[in-house]
Amino acid sequence: MQKTISANRVLIQRLTPYLFLLPALLILGLTVFLPAVQAFYLSFTRYEYDLTQPPQWIGVANFKRLWGDRVFWKTLQNTVLYLIGVVPILVTFPLAIAILVNQKLRGMNWFRAAFWELLLFFYVYTWQKIDFKTMTVLLKSLSSMAEIRYR
């Protein structure tokens, strides 16, 4: 009897992390993996604008056509250039700032205040430029609100 209870407890302890991961994996599977598999399948088919017709299997013909397309190669070149030129900056600069902010240096509180003040300025500037009329139309279509005048 004692051995069965101990075995059940061990089984529950081993399954608990996977049960916690299950909802996230389910959402990830439905929103990332399933569309990726569908896109991979559809890349080997011809899918016309008439959505009532099923896609026709054409194999690698799409890839052959893509191989000879100049726009594809220009797009690939721009993507690689962006990957080499922009992504390292977007990783190293924030990492350097995070390391700098966590140092015990003289004047760091002033740097932190100036940094957050700059961010606050850009947030306020952005909110001033938003077209609230579009938001009002959207909210009115979702509910029976009276018209809101922002400016």
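The values are calculated or read from the model by the stated rules, or taken from the named source; none is laboratory data. All of these numbers come straight from a predicted model, not from anything done at the bench. A quick note on method: Cβ atoms are made from the backbone with ideal geometry, for glycine too, and the neighbour counts reach across all protein chains shown.
Within region 86-113, track down each residue that is surrounded by 10 or more Cβ atoms within 10 Å (Cβ to Cβ) and small (Gly, Ala, Ser). Across region 86-113, the qualifying residues are ALA96, ALA113.
Which residues, taken from region 1-47, are part of a loop (DSSP other than H, G, I, E, B) and at pLDDT 90 or above?
So in region 1-47, the residues part of a loop (DSSP other than H, G, I, E, B) come out as 1, 43-44, 47.
Result: SER43, PHE44.
Per-residue answers, yes or no, for (1) closer than 24 Å to LEU66 by Cα; (2) within 18 Å of the chain's Cα centre (by Cα):
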position: ILE5; (1), (2): no, no
position: ARG14; (1), (2): no, no
position: LEU21; (1), (2): no, no
position: LEU25; (1), (2): no, yes
position: GLY29; (1), (2): no, yes
position: ALA39; (1), (2): yes, yes
position: ARG46; (1), (2): yes, no
position: TYR49; (1), (2): yes, no
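Restricting attention to region 52-70, which residues are β-branched (Val, Ile, Thr) and either modelled with pLDDT of 95 or more or surrounded by 10 or more Cβ atoms within 10 Å (Cβ to Cβ) (or both)?
Passing the criteria: ILE58, VAL60.
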